[in-house]
Each structure stands twice: as C-alpha cells, then as structure tokens.
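Before any comments, here is the structure.
The values are calculated or read from the model by the stated rules, or taken from the named source; none is laboratory data. Note that the coordinates shown come from a computational prediction; the quantities given were computed from them, not determined experimentally. Positions of Cβ are generated from backbone atoms using ideal geometry, with glycine treated the same way; all protein chains shown enter the neighbour counts. SASA here: full protein model, heavy atoms, side chains in, ligands and nucleic acids out. Shrake-Rupley method; radii C 1.70, N 1.55, O 1.52, S 1.80 Å.
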Amino acid sequence: FVGVIVLGLCLGLGLGPDRRIPDFTRTFLTRCKKFSGNNCHELWDAFQQAYVNKDPCKVPMEAYDPLIAAAPLKSQCNKMLFWSNTKDAPHYFTKKKENCFINLEDTLLGFVLDDLIWCGKKGSSDTFTTGCPNNNNCVNNPVHSFWKRASAAFAEAACGAVPVMVSGSITTPFHPASIFASVEVKRFKAPIVTNLTVVLVTEKHNVARCTDPSLKDLRKELDKGIQYNCKEVPRSEIEACSSNPNITCGTCW
Ligand code: APR
C-alpha cells in the first residue's frame, strides 16, 4: 500500500517516465542506449532533421547523410549477411549464431529503427507514426529512404566473403527494385569484397533455382574480380543448422 502511494507521488511529481517525451522519441532513445550508443541525443537530432517539417513524399535518401555520418560503421570482414525478400531466415540465423554474422539490424541505426514507422509534415515540428506514406504512395518516403541510405552504408562497409539470402519462393529472387539489387550490390567493390555467395532459401513450394535468369543478371552486375557462387539450401536446413551448437560459422551453406 505504501509502495503504491510512493509510486503515485513519484509519477505525480514527474519523477517517473517523462510524459512530455513522445513515445517514438522514447523508443528511439531507449533502443539507442540499450545498444550502448553514447551520442543518442545527437543522433536523434540528426535523425529528425531528415524528415521533420517536410513533405513526407519528398524525403530522398541523402536527407539521412548527417545521421549516417554521426553513426559510423565498423567494417567486419566475412561477417556481414545480406538478404532480400526473406527477412526471417537471415535474422533467425544471425540470432542463433551471434558471433558469426551481423545484419543491418545488428548495427546501431538498424537496431534503433527496426520495424518502426515515422514521418513529418510540412509546417509541423512533430514526428508522426500513423498516416505515413509507404512505397505504394510514394518511394521517397522517410522510412524507405532511411533503409536505402543505411543499406548503402552497410554495403560500403562489406568486405571479404559476403553471403546474401534470397528467396526461392518468388519468381524473381534478384528483383531490380529491391534494396539489395538497387543499392547494395552496386556498392560491393573488388578486391575488398572477394566473394558473393547467393544462398537461395528453398521451401516446399519452391519456384526459383540457382539457374534463375535474375541471378544471371546479378552475376553480370557484380564488380569484376568478385567471385560468384549460388547454393540452394532448404529453409529447414538453415533452421536446423542455426540451432546446432556443433556447427560453426559459415558451414550452414
Ligand atoms: N525494418 C523495417 N523495414 C525494413 C527493414 C527493417 N529492419 N529493412 C528493410 N526494410 C524495408 C525496406 O524499405 C525494404 O524495401 O523493407 C523492405 C524489404 O524489402 P525486400 O524486398 O524484402 O528486401 P530488399 O529491398 O532487398 O532489402 C533488404 O536491404 O535493408 C537492407 O541489408 C538489408 O540486405 C538487406 C536488404
């Protein structure tokens, strides 16, 4: 009973979570601190200036340049895992084999903004989390432009052998409109990146194979000097391998 009264007093006196901080800001700062970001308020300012008080259909990826500059990435050779159209398999894998690979969502900005939605409005200094445009409304929306810009930085930091998990359940596993095709592949440079391994994640109702024409395009687009190979791996195998402590990094494909 005394505890309830003390808690009530604390909240009343404003000693609890600060109600003046909007939920989105709080999520941003809490996740940033959880990741051990030491300049979270500076990052929040750099983040906001990209979209606040702007038409939410006119935010290009370059708007996030100051944010990306404020959160530099360490290059981690042979450890960066890319994906397209198959978010759950690569994330399942990186979670189970924590020290083997990292996804964009295991870096500070990717971790902070994973699965969030935000936008601004002309004439307002607020951040909105509902009524924001998506790719069906306009491509230069704050969320998509962020992922494009962050993906560009992530791909520029890639080095050594680079795996990418793509889906065998769709007709075009290397889709030209995807971020992987339009932003990341173009930034892999030989001799810093030595190999690209396409891990084609197959399921019962598989439609695409390593012989898929879109993967031929991928091979053609690669910087000369980057070795290419492709492996078809059932999703069940990736899941079993991820959970098997006797199997070390990289041997799941
Ligand atoms: N949270 C929310 N949305 C995301 C996230 C995320 N963590 N990552 C990407 N997105 C958005 C992007 O706007 C993207 O258009 O989801 C879409 C994912 O589309 P897909 O066609 O599945 O894949 P792709 O466009 O190729 O993007 C995935 O880009 O994010 C990088 O490194 C990541 O290699 C990966 C690739």
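Values for this structure:
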| quantity | calculated |
| --- | --- |
| Top-ranked residue in the range 116-138 [being away from the ligand (no atom under 12 Å from the Cβ) and among the hydrophobic types (A, V, I, L, M, F, W, C); ranked as most open to solvent (accessible area, probe 1.4 Å)] | Phe128 |
| Filtered residues of the range 35-53 (kept if open to solvent by 50 Å² or more (accessible area, probe 1.4 Å) and of a type in the set (S, T, N, Q)) | Ser36, Asn38, Gln49, Asn53 |
| Complete set of residues in the range 175-207 that are part of a loop (DSSP other than H, G, I, E, B) and within 14 Å of the ligand (Cβ to nearest atom) | His175, Pro176, Ala177, Ser178, Phe188 |
| Residues of the range 54-106 that turn out to be open to solvent by 60 Å² or more (accessible area, probe 1.4 Å), more than 15 Å from the ligand (Cβ to nearest atom) and not in a helix (DSSP H, G or I), as a count | 8 |
| The range 147-173 residues that are closer than 19 Å to Gln76 by Cβ, paired with ones that are part of a helix (DSSP H, G or I) and of a type in the set (Gly, Ala, Ser) (beta carbon under 7 Å, 6 or more apart) | Ala150/Gly110; Met165/Ala89 |
| Condition broken by Val143, with the remaining ones in (1) farther than 30 Å from Asp55 by Cα; (2) out of contact with any helix residue (DSSP H, G or I) (no Cβ under 7 Å at 6 or more places or on another chain); (3) assigned to a helix (DSSP H, G or I); (4) not aromatic (Phe, Trp, Tyr) satisfied | (1) |
| Conditions (1) more than 10 Å from the ligand (Cβ to nearest atom); (2) under 22 Å from Pro22 (Cβ atoms); (3) among the hydrophobic types (A, V, I, L, M, F, W, C); (4) surrounded by 20 or more Cβ atoms within 10 Å (Cβ to Cβ): number failed by Leu113 | (1) |
| Count of the range 146-174 residues which are part of a loop (DSSP other than H, G, I, E, B) and touching a Cys at 6+ places or on another chain (Cβ under 8 Å) | 1 |
